[in-house]
Amino acid sequence: MKLNLSSAARSGGVAASIVVAAALTLSACSGGGGSDSGDASSDNSFSGQAVSGEGSTAQQKAVEKFQDVLASNGGIVLNYTGSGSGDGVKKFLSSDVDFAGSDSALKTDEAATAKTRCAGNDAWHIPLVAGPVAIAYNLSGVDDLILNPSVLAKIFDSKITTWNDPAIAALNPGKTLPSDKIVPVHRSDSSGTTDNFQRFLGDTAKADWPYAHDKTFKGQGGSAASKSTGVGDTVKKTPGSITYVEWGFAEQNKLSLSQLDFGSGATKLTSETAGKALENVTFKTPGSKDLVVDTDKLFATNTAGAYPLLLTTYEIVCSKGYTGNKGAILKSAFTTILNSGQEGLADEGYVALPDSYKTTLQGTVDALG
């Protein structure tokens, strides 16, 4: 069973607070493999109790699925508002929600504020959702378009402005490319997806992308739209346009997806190619419970058949310091998500987490106070 957002929330990018009632009885969304810690997923001791989060729209479709799974495995209520990573972090730091969903790790000053919010304890990053970032375009008559990081950087910085530019033609021999103007579409709001996309360009096309990564888009020109739904809708209705957007939103809008050449030939975005890249994930501080992905190494992956333009969404939580039993409820909820919540994620545009990756995450979840 899937939850349905209102059409306004789906198409207008309006932040939607998604609530699953504890009394809801669901017969679907059961099963899923996982570690032995999965026993906690059937723990009914927190039935009817709630946790709240806010932030990344990139993980919103995954969260909808997790809400169903939690309702049918122990009855924890997950309230989540998809308002964008920047807003989610602000709400977490001000103690308005129990966790933030963010496509980027906390900055140094934010981490210091989080420590105060967490009663003197560190905030931890748990990269609970992984999904590819698609390069979606609207170009009639052109299928299987091939691009590479250098060309992408020039497109989103308005240095390549027509679809028949020689640099694009060289990557697409035999294709008839129109002279239409390119309309690059970027996020207008503070966005972790933007931060990751710009980091990717900076890592893989240094000579062509002179900007530091940031949640605010730094390239020149183009058109702007709010949130993932906004850029998806804009490309769908704008001939000649192109954007970066989470795979699930591109699929929802039935957009054409570019193949990307990361250095080992053109790679189509599939659950298999994204999963192959995820197997290469390492963390910035090995052995730490604070699991910040080393995206520089991930984006530099050029293994044949791997699609490393991945977005790992963090659930940012207090390692300790919650009042009452909130930490224990989060621990139970995240354990369920790591296990029963992985089945069927590919259908929503995400990557089911490999077992070794889940084991690392479970170690952090188990250590929550």
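Given the Cα-Cα distance of ALA207 and LYS237 and 0.36 nm per residue of separation, how much length would full extension add, in nm?
Taking ALA207 through LYS237 to full extension adds about 7.6 nm, to one decimal.
Taking 35 Å as R0, compute the FRET efficiency from the Cβ-Cβ separation of SER158 and ASP296 and round it to 0.05.
After rounding to 0.05, the efficiency reads 0.85.
Percent of accessible area on the chain owned by carbon and sulfur, 1.4 Å probe?
Using a 1.4 Å probe with all protein chains present, the chain comes out at 48 percent carbon and sulfur.
Relative to the compact globular guide of 2.2 N^0.38 Å, what is the alpha carbon radius of gyration of the chain, as a ratio?
0.97
Determine the distance separating the Cα centre of region 161-186 from the Cα centre of region 200-247; give it in Å without decimals.
If you average the Cα positions of each part, the centres end up 17 Å apart.
Using only Cα atoms, find the angle between the long axis of helix 355-366 and the longest principal axis of the chain, and express it within 0 to 90 degrees, rounded to the nearest 10.
Around 40 degrees separate the two axes.
Compute the distribution of all C-alpha to C-alpha distances in region 266-315, in bins of 10 Å from 0, and list the percent of pairs in each, rounded to whole numbers.
The percentages, shortest bin first, are 27, 51, 20, 2.
So what's region 313-369 giving for Rg/Rh, alpha carbon basis, Kirkwood Rh from the mean inverse pair distance?
Reported Rg/Rh, Kirkwood definition of Rh: 1.01.
Please compute the contact order of region 289-369 in relative form: average sequence separation of alpha-carbon pairs under 8 Å and at least six residues apart, divided by the residue count, as a percent.
Relative contact order here is 39 percent.
How high is the FRET efficiency between ALA167 and ASP96 when r is their beta carbon distance and R₀ equals 45 Å, given to the nearest 0.05?
0.45
Please give the length that would be gained between LYS320 and ALA112 if that part of the chain were fully extended, namely 0.36 nm times their separation in residues minus their C-alpha to C-alpha distance (nm, one decimal).
Here the answer is 73.4 nm.
For a quick size check, give me the Cα extents of region 82-196 along its three principal axes, largest first, whole Å.
61, 24, 22
Students often forget the sequence filter, so: which lysines lie under 19 Å Cα-Cα from LYS181 once same-chain residues fewer than 8 apart are removed?
LYS154, LYS159, LYS236, LYS237
Quick one: work out the % antiparallel among DSSP beta bridges in the chain, nearest 5.
60 percent
So which lysines pass the test for LYS320, namely a Cα distance under 20 Å, with those fewer than 8 places away in the same chain ruled out?
LYS90, LYS91, LYS107, LYS115, LYS289, LYS331
If you consider only alpha-carbon coordinates, what radius of gyration and Dmax does region 228-308 have, in Å?
When restricted to Cα atoms, region 228-308 yields Rg and Dmax of 15.1, 48 Å.
The values are calculated or read from the model by the stated rules, or taken from the named source; none is laboratory data. Fair warning: this is a prediction, and the values are worked out from it, not measured in the lab. Glycine also receives a Cβ, built like all others from the backbone with ideal geometry; neighbour counts cover every protein chain displayed. These area figures cover heavy atoms from the full protein model, side chains too; ligands, DNA and RNA do not enter into them. Shrake-Rupley method; radii C 1.70, N 1.55, O 1.52, S 1.80 Å.
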